[in-house]
1. For the range 22-83, state which GluC sites (Glu not before Pro) are in a DSSP loop and have at most 11 other beta carbons lying within 10 Å of their beta carbon.
2. Can you list which of the trypsin sites (Lys or Arg not before Pro) found in the range 13-64 are DSSP loop residues with at most 16 other C-beta atoms within 10 Å?
3. Quick check for me: using +1 on Lys/Arg Cβ and -1 on Asp/Glu Cβ, what's the dipole size of the range 24-83 about its Cα centre, in debye to the nearest 20?
4. Modelling each spin label as a point 7 Å along the Cα-to-Cβ direction, I'd like the residue 37/residue 65 distance in nm, to one decimal.
5. Taking θ as phi - 60°, what are the ³J(HN,Hα) couplings along the range 68-81 by the Karplus curve (6.51, -1.76, 1.60), each to the nearest whole Hz, with x for Gly and Pro?
Amino acid sequence: MKVKLSEVIDANDVTKYYYNQDGGEIFMLNIGDYENLSEDELDKLFEKFIMLPTRYDINEYKIMQDFAKTIEDIWFKANNIEF
């Protein structure tokens, strides 16, 4: 399924946007629209949706740290240094 990058970029950090796995579309979901559904109905509905992360959900520093840990440094290895 294709998703337009512009739709992902346009999603802001205040409103929660979701990706519909079945339809391949990005949309804003207002939980108030579904207040008449039971808990089981809501669970079934949300199984199809993936909430898109906001910029606050992404930790660039941790991503860099995790990547750095995957790199083997020959000098460190030769000198038995672990980091």
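1. Those satisfying the criteria are 35, 47, 72, 82.
2. Passing both the DSSP loop test and the Cβ count: 16, 48, 55.
3. Dipole size: approximately 460 debye.
4. 3.7
5. 4, 5, 8, 8, 8, 9, 4, 5, 4, 4, 5, 9, 6, 9
Readers should treat all values here as calculations from the given coordinates under stated rules, not as data from a laboratory. Bear in mind that the values here come from a model prediction, so they are computed numbers and not experimental data. All Cβ positions, even for glycine, are placed from backbone atoms using ideal geometry, and neighbour counts span all protein chains on display.
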